[in-house]
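Worksheet for the structure shown next.
Throughout, read-outs are computed from the coordinates displayed, never taken from laboratory work. Since the model is a prediction, treat every value here as computed from it, not as a measurement. Counting neighbours? That spans all protein chains shown, and the Cβs are built from the backbone with ideal geometry, glycine included.
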Amino acid sequence: MAADFANLARDIDMINQSKADWLHLDVMDGVFVPNISFGFPVMEAVAKICKKPLDVHLMIADPGKFTEQVKALGAYMMNVHYEACPHLHRTIQQIHHAGMKAGVTLNPHTPVNVLEDIIQDVDMVLLMTVNPGFGGQKFIEHSIEKVKKLKALIKETSSHALIEVDGGVNEKTGKQLVEAGVDVLVAGSYIFGAQDPIANIMQLKAL
C-alpha cells in the first residue's frame, strides 16, 4: 500500500533484492475499511514479478469467498479479519484446504481473548497497531501490552502461531515489539518512504 503505484515494478524489484522475507499486500474494499487500495488484477501483476512469498491481508467484507483467487496468486499466507468472519473456523479450514497458511487479524479494539478457541488452528495472528484503512498513522502504544497478552495465550495453548504487527512500525517501535514477542514486522511508510529502503529493511531485520 505504501509503494509507488506508478512504479510498482521498480519497488517490487527493490523488495526482491532486499533481505525482506515476505511482501505484505493490503487489500481494502471501502466497505470493511474506509478506503480502497487495489484488487486482483494488480496483485496478479505483482505476483508475476515478486520473488518473495506473498502475505495477502484482506481488509474486506466476506473474505472467505476469495480463497480460490488468493490461492491462484500463489500466496503463502491468506490473512482475514476476525471482525469480518462470522464463521471464522470454516474460513480457516478453507484457507488450509487451499494449501495456504492461515492468518487472523485483530483490529486495535478487539481483545486477544476472542482467539482462545481458534488459536491452535491458525498459523499467524496479525495485530493491527493502527486503525486499518490508511498508511502513515501513529503507532498505538497500548499495542505493546496486547502483544504480550497474545504471546501468553500462545504459550498457554501450545499454539505454534506467529505474531505479526502492522502499523506505525519503524526502528524504535519495531524494537519494542520484538522485545514484547513479535515474530513478523510489517513496515510500509518506513520502507517505501525512505531514502535508502534496503538499509531500513536491514535495520528491522537486525532487531
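Ranked highest first by average number of other Cβ atoms within 10 Å, how do 42-55, 112-125 line up? The partial results should precede the final answer.
Numbers: 42-55: 16.1, 112-125: 17.9.
Peptide ranking by packing, descending: 112-125, 42-55.
Among rounded, prolate and oblate, which fits the stretch 155-207 when a ≥ b ≥ c are the square roots of the eigenvalues of its C-alpha gyration tensor, a/c under 1.5 means rounded, and a/b larger than b/c means prolate? Show your work: numbers first, answer last.
Values: a/c = 2.72, a/b = 2.46, b/c = 1.10.
Prolate shape, in that a/c is at least 1.5 and a/b is the bigger ratio.
Under 30 Å from the Cα of Lys172, which lysines turn up, not counting those fewer than eight places away in the same chain?
Within the straight-line limit of under 30 Å, Lys172 reaches these lysines: Lys19, Lys51, Lys52, Lys101, Lys138, Lys146, Lys148, Lys149, Lys151, Lys155, Lys205.
Under 14 Å from the Cβ of Asn200, count the other residues' Cβ atoms, weight Lys and Arg +1, Asp and Glu -1, and hand me the total.
+1
Can you sort Leu127, Leu204 from fewest to most other Cβ atoms within 10 Å of each residue's own Cβ? Present the calculation step by step, with values, prior to reporting the outcome.
Numbers: Leu127 23, Leu204 20.
Least to most surrounded, the residues fall as Leu204, Leu127.
Once you order the gyration tensor axes a ≥ b ≥ c over the Cα atoms, which shape class does the stretch 34-186 get: rounded for a/c under 1.5, otherwise prolate or oblate by comparing a/b with b/c? Intermediate values should be presented prior to the final figure.
Working: a/c = 1.63, a/b = 1.23, b/c = 1.32.
Taking the square roots of the gyration eigenvalues as a ≥ b ≥ c, the stretch 34-186 is oblate.
Please give the calculated 222 nm ellipticity per residue for the chain, where each DSSP H segment of at least 4 residues contributes -39500 (n - 2.57) and the sum is spread over every residue; nearest 500 deg cm²/dmol? Don't skip to the end; give the middle numbers.
On the way: 8 runs with 73 residues, N = 207.
Value at 222 nm, helices only: -10000 deg cm²/dmol.
If you plug each phi of the stretch 39-52 into the Karplus form 6.51 cos²θ - 1.76 cosθ + 1.60 with θ = phi - 60°, what whole-Hz ³J(HN,Hα) values come out, in order, with x for Gly and Pro?
Working through the residues one at a time gives x, 5, x, 5, 5, 5, 5, 5, 4, 5, 10, 7, 9, 9 Hz.
Could you go through the stretch 85-94 in sequence order and give the Karplus-derived ³J(HN,Hα) for each residue, using 6.51 cos²θ - 1.76 cosθ + 1.60 with θ = phi - 60°, rounded to whole Hz, and x for Gly and Pro?
The phi angles translate into 10, x, 10, 4, 4, 4, 5, 4, 4, 4 Hz.
Run through the stretch 112-194 and list the chymotrypsin sites (Phe, Trp or Tyr not before Pro) located in a DSSP loop whose Cβ has at most 15 other Cβ atoms within 10 Å.
Passing sites in the stretch 112-194 are Phe134.
What ranking do 172-180, 160-168 get when scored by the average of other Cβ atoms within 10 Å per residue, highest first?
Values: 172-180: 17.8, 160-168: 22.1.
Order by mean packing, descending: 160-168, 172-180.
Rounded, prolate or oblate, given the Cα gyration tensor of the stretch 11-72, with a/c below 1.5 counting as rounded?
Numbers: a/c = 2.25, a/b = 1.77, b/c = 1.27.
Judged from the Cα gyration tensor, the stretch 11-72 comes out prolate (a/c at least 1.5, a/b above b/c).
Out of residues 5 or more away from Val182 or on other chains, whose amide H comes under 5 Å of its own, with H placed 1.01 Å from N in the peptide plane?
So Val182 has HN proximity to no qualifying residue.
Enumerate the calculated ³J(HN,Hα) couplings along the stretch 193-203 in order (Karplus 6.51 cos²θ - 1.76 cosθ + 1.60, θ = phi - 60°), each rounded to whole Hz, writing x wherever the residue is Gly or Pro.
With the stated coefficients, the stretch 193-203 comes to x, 8, 5, 10, x, 5, 5, 5, 4, 5, 4 Hz.
Using amide H atoms built in the peptide plane, which far-off residues or other-chain residues are under 5 Å from Leu162 H to H?
The list, which skips near neighbours in sequence, is Met124, Val125.
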